[in-house]
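Computed from the coordinates by the stated procedures, all read-outs in this text should not be read as laboratory data. These figures come from a predicted structure and were not determined experimentally. In this analysis, Cβ positions are derived from the backbone assuming ideal geometry, glycine residues included, and neighbour counts consider all displayed protein chains.
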Amino acid sequence: MAKEIPRIIPQEEDLRKTVAYNLKFLREKRGLTQAELANIAKIPRTAVGRYEACIRTPTLINILRIAKALDVTPNDLLDDWEEIDF
């Protein structure tokens, strides 16, 4: 029987944890609630909660929207992320 493929690769899980930590830190530093950030970034509030709870990895467009809303660069959200060698 074929070996089951993991749902996410380990690097994606690391990225998810990094974004979750950085997002919450930067949002709180700016004094914003999840709802306020979601409204500014034009994404669902539940998405912000899922990103911060490390349940979901944001899409590239949402990373860009969140970075703009927080007045940071996308790298500020992705810090500590290492490129994958293919």
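With θ set to phi - 60° and the Karplus curve 6.51 cos²θ - 1.76 cosθ + 1.60, what are the ³J(HN,Hα) couplings of the range 56-62 in order, to the nearest whole Hz, using x for Gly and Pro?
10, 9, x, 6, 4, 4, 6
Residue 54: net charge of surrounding residues, Cβ under 11 Å, Lys/Arg +1, Asp/Glu -1, itself excluded? Intermediate results must be reported in sequence, preceding the final value.
On the way: positive: 16, 17, 24, 50, 56; negative: 13, 14, 52.
Spelling it out: positives minus negatives among the neighbours equals +2.
Residue by residue, what Karplus-based ³J(HN,Hα) values in Hz, rounded to whole numbers, does the range 68-79 have, using 6.51, -1.76 and 1.60 with θ = phi - 60° and x for Gly and Pro?
Karplus values, whole Hz, x for Gly and Pro: 5, 5, 8, 6, 10, 8, x, 4, 5, 7, 9, 3.
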